[in-house]
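Bear in mind that the values in this text are calculations on the coordinates, not laboratory data. Please read all numbers here as calculations on a predicted model, not as lab measurements. All Cβ positions, glycine included, derive from the backbone under ideal geometry; neighbour counts span all protein chains shown.
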Amino acid sequence: MSPAILFLAFIIAQRLSELVIAKRNTARLMADGATEIGAAHYPAMVTMHAAWIAALVVFGWQNPVSIPWLVVFVALQGLRLWILATLGSRWTTRIILTDTPLVTTGPFRYLRHPNYTLVVAEIIVAPMVLGLVWVAVVWTALNAAMLYVRISAENAGLAPQRD
C-alpha cells in the first residue's frame with residue numbers, strides 16, 4: 001500500500017473514531033443536563049470537513065508524501081492527544097454547555113481554543129503532506145468562515161462562565 005493511501009486511511013480512521021467519541025460524550029453530557037448551542041451550523045461544518053477529506057482522497061491518493069510535512073502532521077497529533085486528554089469526557093465536536101467550570105489546564109492554559117487551532121493547522125498541513133496546495137488554500141478560507149460563526153456562537157454561550 002502506498003504511503004499516500006496509508007496517510008489518507010489514517011485521517012479517515014481518525015475522523016471516524018472522533019465522531020464516535022464525540023457522539024458518546026455528547027450523549028453523556030446531554031443526559032447530565034448540558035445544552036447545545038450553535039447546532040444550526042453543525043451540518044455545514046461536517047459537510048465542509050467531509051468535502052476536505054474527499055478532496056484529499058480524490059486528488060492526493062497517488063501523490064508522493066512529503067516527509068517534512070508529514071513530520072509536522074505527526075507533531076500536531078501530539079497536540080490532539082493533549083487536548084483530548086485534557087478535556088476527557090467533555091470533548092465533543094458540538095458546542096455543549098455545562099454548569100461545570102471551564103477547563104483552564106493543559107493547552108487551555110495557553111490558548112483559548114486549542115482544538116480550533118489544531119484544526120486550522122491540520123487543514124493546511126494534511127494537504128501539504130500530499131502536495132495539494134490548492135486544497136490547503138481553499139479549505140483554509142472555508143474553515144475561516146466556519147470558525148468565525150462557530151467561535152462567535154461558542155464565545156457568546158461561554159460569556160457568562162467567563163465573567
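Please state the Cα pair-distance histogram of segment 1-61 with 5 angstrom bins from zero: what percent is in each bin?
3, 16, 18, 22, 15, 11, 8, 5, 2, 0
Could you work out the relative contact order of the chain, using alpha carbon pairs under 8 angstrom and six or more residues apart, expressed as a whole percent? Write out the running numbers ahead of the final one.
Details: 148 pairs, mean separation 56.0, N = 163.
Computed over the chain, the figure is 34 percent.
What number comes out for the charge environment of ILE11, summing +1 per Lys or Arg and -1 per Asp or Glu over other residues with Cβ under 11 Å away?
Details: positive: ARG15; negative: GLU18, GLU122.
Counting the neighbours of ILE11, the net charge comes to -1.
Given H placed 1.01 Å from N in the peptide plane, which residues other than close sequence neighbours of ILE95 have an amide H under 5 Å from its amide H?
Close amide H contacts, sequence-distant or interchain: ILE37.
In whole angstrom, and with the biggest value first, how far do the Cα coordinates of segment 3-162 range along each principal axis?
Cα spread of segment 3-162 along its principal axes, largest to smallest: 48, 29, 26 Å.
Using a cut-off of 11 Å between beta-carbons, work out the net charge of the residues near THR92 (Lys and Arg +1, Asp and Glu -1, THR92 not included).
Details: positive: LYS23, ARG24, ARG28, ARG90, ARG94; negative: GLU18, GLU36.
Net charge around THR92: +3.
Using only Cα atoms and rounding to the nearest 10 degrees, what angle (0 to 90) does helix 114-129 make with the longest principal axis of the chain?
10 degrees
ALA22 to PHE10: extension gain in nm, 0.36 nm per residue of separation minus the Cα-Cα distance?
Length gained, ALA22 through PHE10: 2.5 nm.
Residues with beta-carbon under 14 Å from that of ILE83, excluding ILE83: net charge, scoring Lys, Arg +1 and Asp, Glu -1? Mind showing how you got there, number by number?
On the way: positive: ARG80, ARG90, ARG109, ARG112; negative: GLU18, GLU122.
Once positives and negatives cancel, what remains is +2.
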